[in-house]
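Structure first, then comments.
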Amino acid sequence: MKPETLAIHASNLVKSATGDVTPPINLSTTFFRDEHGGYPGGHMYSRVSNPNRSALENTVAKLEFGEDAAAFASGNNCGLSLFQAFKPGSHIIAPDDMYWGIKKQLLTIFNEILEFDFIDQTDLELIKATIKPNTKLIWIETPSNPLLKITDIEEISKIAKAHQITLACDSTFASPILQNPILLGADIVMHSSTKYLGGHSDVLGGILVTAKKDELWEKIKNIQQTGGAVPSPFDCFLLCRSIKTLAYRMKGHCENGKKVAQYLVNHSKVEAVFYPGLATHPQHEIAIKQMSDFGGMMSFLVKGDADETNRVVNKVRLFAQATSLGGVESLIEHRYSVEGPDSKTPKNLLRISVGLEHVDDIIADLEQALS
């Protein structure tokens with residue numbers, strides 16, 4: 001089945017006694033055992049599994065062409081659980097513009113447990129040169145946050161496989177509709193389901209999908225089920241509901257994104273635009289190779305200093321000046337202010353999540369803010 005069909009039907013696993021077409025919310029925390037001590041419904045305790053969570057995991061695993069998935073209470077917990085699955089002293093190669101929340105985990109939680117290097121992963125030779133005998137994971141993020149760098153999943157997977165290193169890809173900006181890293185050689189795919197999967201800025205969550213149920217995956221599932229950082233049945237229900245419209249929402253985000261990027265490119269007060277759909281993007285050809293479209297995320301540099309950039313971001317009316325991304329509403333954010341003085345993000349960079357409002361209204365708001 002095509003993604004549009006899978007997104008609608010893959011979560012319909014529960015056959016309720018009342019014949020619901022839409023799977024109901026199952027709030028039970030515990031489930032009946034039979035006379036032999038087994039669990040005829042397939043569930044024992046909701047921390048371990050729940051019908052709504054199983055439906056969500058099945059849906060996203062199918063959309064990403066994986067064998068299994070593990071849903072978590074937040075996107076950050078995906079990174080945390082994966083890093084916990086590696087032995088102390090393991091080395092990780094991560095992107096230099098890694099999403100700040102997960103980068104902070106390495107810097108503040110795993111700084112005395114794991115080794116890591118943050119490098120420009122668009123340079124394949126640099127990746128090869130950074131590999132050590134104890135390198136166990138290459139974590140890539142494409143498109144990246146907030147510079148929209150595109151890393152070549154297929155080529156990096158060849159490097160990882162040659163050295164028996166796990167390759168994990170944060171594909172949040174793309175969603176399963178625009179990019180499928182497992183088909184390009186990745187071992188694990190991560191999504192912050194708070195973003196495009198949820199799509200309405202009202203659910204917190206994260207999900208990992210694995211290409212194979214191997215030893216590493218069993219460790220991750222143990223951390224999920226024993227550690228217990230799992231989403232509630234209601235959150236899983238909301239995500240399954242939202243994923244049904246994911247393919248069509250992404251079409252709108254992509255259509256609006258292209259028009260907004262082209263508008264910004266031609267604006268006299270914009271220094272540069274970072275959007276993989278632009279022919280001027282340094283990795284545009286790689287994006288064409290591994291993405292079916294280019295999404296609604298972009299960032300741009302305002303001509304001027306941080307004060308001028310703050311003036312622009314504080315003038316928007318339609319855009320919500322708020323963190324996060326991937327919702328139906330357009331969002332704008334001065335990332336440097338969020339990330340703090342140690343951030344390598346340019347001080348004049350604004351990141352925007354182009355929503356599903358009419359594109360003329362989106363552009364009009366940017367026009368008045370930049371004027």
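Only one entry of Glu255, Glu271 meets the criterion of being surrounded by fewer than 16 Cβ atoms within 10 Å (Cβ to Cβ), among the charged types (D, E, K, R) and part of a helix (DSSP H, G or I), and that entry is Glu255. Going through segment 258-268 one residue at a time, which ones are open to solvent by 10 Å² or more (accessible area, probe 1.4 Å), in a helix (DSSP H, G or I) and in contact (Cβ under 8 Å) with a residue 60 or more places away in the chain? Within segment 258-268, Lys259, Tyr263 qualify. Here is the figure for segment 274-308: residues that are crowded, with 23+ Cβ neighbours inside 10 Å, touching a strand residue (DSSP E or B) at 6+ places or on another chain (Cβ under 7 Å) and either of a type in the set (Asp, Glu) or closer than 13 Å to Ala174 by Cα (or both) total 4.
Residues that are of a type outside the set (Asp, Glu) and either touching a Cys at 6+ places or on another chain (Cβ under 8 Å) or modelled with pLDDT under 95 (or both) within segment 335-370 comprise Arg335, Tyr336, Ser337, Val338, Gly340, Pro341, Ser343, Lys344, Thr345, Pro346, Lys347, listed in sequence order.
Each residue in segment 320-330 was checked for being open to solvent by 10 Å² or more (accessible area, probe 1.4 Å) and in contact with a strand residue (DSSP E or B) (Cβ under 9 Å, 6 or more places away or on another chain), and 6 of them qualify.
Any idea how many residues of segment 1-59 are closer than 28 Å to Ile177 by Cα and hydrophobic (A, V, I, L, M, F, W, C)? Summing the residues that are closer than 28 Å to Ile177 by Cα and hydrophobic (A, V, I, L, M, F, W, C) in segment 1-59 gives 11. Can we say Ser292 is hydroxyl-bearing (Ser, Thr, Tyr), part of a helix (DSSP H, G or I), under 30 Å from Thr22 (Cα atoms) and in contact (Cβ under 8 Å) with a residue 12 or more places away in the chain? It is false that Ser292 is hydroxyl-bearing (Ser, Thr, Tyr), part of a helix (DSSP H, G or I), under 30 Å from Thr22 (Cα atoms) and in contact (Cβ under 8 Å) with a residue 12 or more places away in the chain. Entry remark, segment 331-353: residues being among the acidic types (Asp, Glu) and either farther than 21 Å from Val273 by Cβ or in contact with a strand residue (DSSP E or B) (Cβ under 8 Å, 6 or more places away or on another chain) (or both) number 2 in total. If you go through segment 22-69 and keep only what is hydroxyl-bearing (Ser, Thr, Tyr), surrounded by 13 or more Cβ atoms within 10 Å (Cβ to Cβ) and farther than 15 Å from Ala7 by Cα, you end up with Ser28, Tyr39, Tyr45, Ser46, Ser49.
Looking across segment 350-369, the residues that are surrounded by fewer than 20 Cβ atoms within 10 Å (Cβ to Cβ) and of a type in the set (D, E, K, R) come down to Glu357, Asp360, Asp361, Asp365, Glu367.
Looking for something touching a Gly at 6+ places or on another chain (Cβ under 9 Å), modelled with pLDDT of 95 or more and not polar (S, T, N, Q) - is there at least one such residue anywhere in segment 216-228? So far as segment 216-228 goes, no, none of its residues is touching a Gly at 6+ places or on another chain (Cβ under 9 Å), modelled with pLDDT of 95 or more and not polar (S, T, N, Q). Among residues that are open to solvent by less than 10 Å² (accessible area, probe 1.4 Å) and touching a helix residue (DSSP H, G or I) at 6+ places or on another chain (Cβ under 9 Å), Ala174 is included. Residue selection: His200 fails the criterion of being open to solvent by less than 10 Å² (accessible area, probe 1.4 Å) and under 18 Å from the mean Cα position of the chain (by Cα). Evaluate the following for Asn111: is it under 28 Å from Asn348 (Cα atoms) and at pLDDT 95 or above? The answer is no for Asn111. Within segment 336-349, can one find any residue that is of a type in the set (D, E, K, R), over 24 Å from the mean Cα position of the chain (by Cα), part of a helix (DSSP H, G or I) and surrounded by fewer than 19 Cβ atoms within 10 Å (Cβ to Cβ)? No; the residues of segment 336-349 include none that is of a type in the set (D, E, K, R), over 24 Å from the mean Cα position of the chain (by Cα), part of a helix (DSSP H, G or I) and surrounded by fewer than 19 Cβ atoms within 10 Å (Cβ to Cβ).
The values are calculated or read from the model by the stated rules, or taken from the named source; none is laboratory data. Owing to the predicted nature of the structure, the values given are computational and were not obtained by experimental measurement. Cβ sites come from the backbone with ideal geometry, for glycine too, and all protein chains shown count toward neighbours. Quick note on the areas: whole protein, heavy atoms, side chains included, nothing else; ligands and nucleic acids left out. Shrake-Rupley method; radii C 1.70, N 1.55, O 1.52, S 1.80 Å.
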